[in-house]
Every structure is written in structure tokens, then in C-alpha cells.
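The values are calculated or read from the model by the stated rules, or taken from the named source; none is laboratory data. Quick caveat: nothing in here was measured; it's all calculated off a predicted structure. Cβ: placed from backbone, ideal geometry, glycine included. Neighbour counts: every protein chain shown. With ligands, DNA and RNA removed, areas are computed over all heavy atoms of the protein, side chains included. Shrake-Rupley method; radii C 1.70, N 1.55, O 1.52, S 1.80 Å.
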Amino acid sequence: MKSPLLSLPGAVPAEGVDEGVAAHYGELYREQRALADGAGLVDLSHRGVIAVTGDDRLSWLHLLLTQHVSELPAGQATEALILSANGHIEHALYLVDDGTTVWAHVEPGTREALLAYLESMKFFYRVEVADRTEEFAVVHLPAGSIAPVPDGVVVRETAHGRDLFLPRADLEAYAEANGPAIGVLAHEALRVEAHRPRLGFETDHRTIPHELGWIGTAVHLQKGCYRGQETVARVHNLGKPPRRLVFLHLDGSEVHLPGHGTDVRLAADGPDGRKIGFVTTSARHHELGPIALALVKRNVPVDAELLVGTTAAAQEVVVEP
């Protein structure tokens, strides 16, 4: 769905998976600084919104998700994954329970498959699953924001800020009263800076949670069975993941940012050397300059200088080898 905030002055539409909201409103670095300072709001109304109701909602979700949610207190935010039988990441959910309903927002383009899976797993549980995307828009308020939360609006509060499940009809008025509106490029730059993975960017068809640092934040190691748990337990207890997430400082003299999937190599091997990973997300940061997240082979030395395409890069450890 196309956001009404794209009609604001200076709005430049985002492309790709974030199509439907603004990439920025004309001043990328100003927007980043405002967000880092706790001002403004990010329009994430292109994300899917799913609601689960019924007496068994928490115990039922507990059986399906990687997170321990059977006793999730009302108002406490969490995040969770759904894995394949082989432990590969299929879905990421950002959750909060308001006492009667579990609300989740999910990546654009994933809700249909997620809803189909959830519906197929209902069996005799007292649960109802509903797509509420047409009625509710996700709005992100950064940490430190003093913007008010309207009465009755469900809030998912984390260390990075608050996600509001705002009635979609109220989006324009709320943004006008509590702006400035900030584009998703600024939001993404701060996400990369914070080393937070995103489904479809840091993941591919064979990603397991250990590679991205999602153990602990989205995967609970002391809960009961769920699909893919055997892989999670085996890698945690007996082995190491084949890849690891790294944070990259890119050579700031380069004009173009490397795109998703750009090859990463050891600088010592040169641009024709063996591929040891790939860029997952890159961004221009208002203080750090060009930065990126990448997945590299686990045995890449943590102090090795890297090449991203032909661009020099220094790595910081996100997931220990």
C-alpha cells in the first residue's frame, strides 16, 4: 500500500522491498541525526500487521516460534523466528501482547505466506489469526522520543524505540502533529550501526539464527520443541555456524555504496581472490560514513582487511567465530 506520507514535501519513494513509503524527505543526514537524537517518526506502514486472538494464543504461538512466549507479560515486547525443519530462517515476527491480542509486524511481502502457515497449524487450538494490515500502520518512534501515544494504540517498546500499531486512518494527522517524518534510509543506517539483522537482507535460503546473533534475542534456548529446534540445539551445543555476521567500515572515498550481494574477499588476495562472503546491507551514516553488514565464512580472521568489490573495508566482530 502506498503511504499518504509520500505526499509530504521532498518525499522520495523507496524502492525494492520498502516500496510504498519514503526513502527520505530530501535531507538524509539531517533525518539520521534527528532520529539518533530521539526526534521525528519513521513511516513503516508498508510492513504487514498480524493479530492473534483467543484464549490459547500464547501457548499456541509458543509451540511454533523460537521465542518463549507462553507466559509473555502484557505490554512486553519480544521478537521471534519461524524456522524450517532444517533450522533455516523463514519468518521474523516483532511481537507484543496487549492482554487480549498478540500483535506482530513483519517484513513487507511475507505476511501472506506467514498467515497461510499459521492457519495450517491452528488444529483445535482456540485461536484466530487475522491480517490487520489494511487497518493498522506501523510507526516507529526513536528511543528518547517524547511524542505522545494516542489512547488505545498498542505499543511495542524496545531499547531502540517504540513501534506503534496506529490506525491507518490516523497516520497523516499523527505525522503532522509529531513529525518530522523520517525516511527508511535513515532508519536502515541506524539499524546497520546497531548490528541488527533484518529478514531478507541478512538472511538467505540457508541462514540459521546463530550466524546473525539472533540467539538470545529471538531464539530462546531453554524452551520446548518447535520446528527446527534440533538444528539450533546441535549447532549451539556441538558446533559452530558456517558463517558469521560482521560490521564493515567502508573506504569513504568511494562514490557508490556496494549493493546487496556484492562479493567480499580478503584484501590480501586482491579483487580476483576467492569469495569469502557477501554484503547484506550497506548505508551512509551521518557520523561513520559508508558502513555495511556482511556475512562471511566463520574462519575468516577477525583482524583481516577485506575487499567489498574493489572497496577496502575494515571489519568489526558481530558474531564471534
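At-a-glance table
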item	result
All positions within segment 272-305 that are assigned to a strand (DSSP E or B) and either open to solvent by 20 Å² or more (accessible area, probe 1.4 Å) or without any contact (Cβ under 8 Å) to a residue 60 or more places away in the chain (or both)	K275, I276, G277, F278, V279, S282, R284, G289, P290, A294, V296, K297
Pick from segment 210-231, criterion among the hydroxyl-bearing types (S, T, Y) and not in a helix (DSSP H, G or I), ranking: most open to solvent (accessible area, probe 1.4 Å)	T217
Enumeration of residues in segment 25-45 that are outside any loop (DSSP other than H, G, I, E, B) and either charged (D, E, K, R) or without any contact (Cβ under 8 Å) to a residue 24 or more places away in the chain (or both)	R30, E31, R33, D43
Output for segment 3-24, where each listed residue is over 15 Å from E107 (Cα atoms) and either assigned to a helix (DSSP H, G or I) or of a type outside the set (A, V, I, L, M, F, W, C) (or both)	S3, P4, L5, L6, S7, P9, G10, P13, H24
Odd one out for A268, checked against (1) in a helix (DSSP H, G or I); (2) aliphatic (A, V, I, L, M); (3) modelled with pLDDT under 95	(3)
Some residue of segment 59-79 being open to solvent by 50 Å² or more (accessible area, probe 1.4 Å), assigned to a strand (DSSP E or B) and not polar (S, T, N, Q)	no
Test result for A181, modelled with pLDDT of 95 or more, under 30 Å from A51 (Cβ atoms), hydrophobic (A, V, I, L, M, F, W, C) and open to solvent by 40 Å² or more (accessible area, probe 1.4 Å)	no
Number of the condition not met by H249 [criteria: (1) touching a residue at least 60 places away in the same chain (Cβ under 8 Å); (2) closer than 18 Å to T207 by Cα; (3) in a strand (DSSP E or B)]	(2)
Scan of segment 26-43 for residues that are surrounded by 21 or more Cβ atoms within 10 Å (Cβ to Cβ), closer than 19 Å to L166 by Cβ and not acidic (D, E), ordered by number	L35, G40, L41, V42
Test result for P142, touching a residue at least 12 places away in the same chain (Cβ under 8 Å), open to solvent by 10 Å² or more (accessible area, probe 1.4 Å) and of a type outside the set (D, E)	no
Members of segment 232-263 that are crowded, with 18+ Cβ neighbours inside 10 Å and under 22 Å from E320 (Cβ atoms)	V232, V235, P241, R243, R244, L245, V246, F247, L248
Hey, S59 modelled with pLDDT of 95 or more, among the hydroxyl-bearing types (S, T, Y) and within 22 Å of the chain's Cα centre (by Cα) or not	no
In segment 202-222, residue nearest to V235 (Cα to Cα) [restricted to those that are of a type in the set (G, A, S) and modelled with pLDDT of 95 or more]	G213
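Residues checked against (1) open to solvent by less than 30 Å² (accessible area, probe 1.4 Å); (2) at pLDDT below 95; (3) out of contact with any Cys (no Cβ under 7 Å at 6 or more places or on another chain); (4) over 24 Å from A22 (Cβ atoms):
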site	(1), (2), (3), (4)
I89	yes, no, yes, yes
G99	no, no, yes, yes
H105	yes, no, yes, no
T110	yes, no, yes, no
V127	yes, no, yes, yes
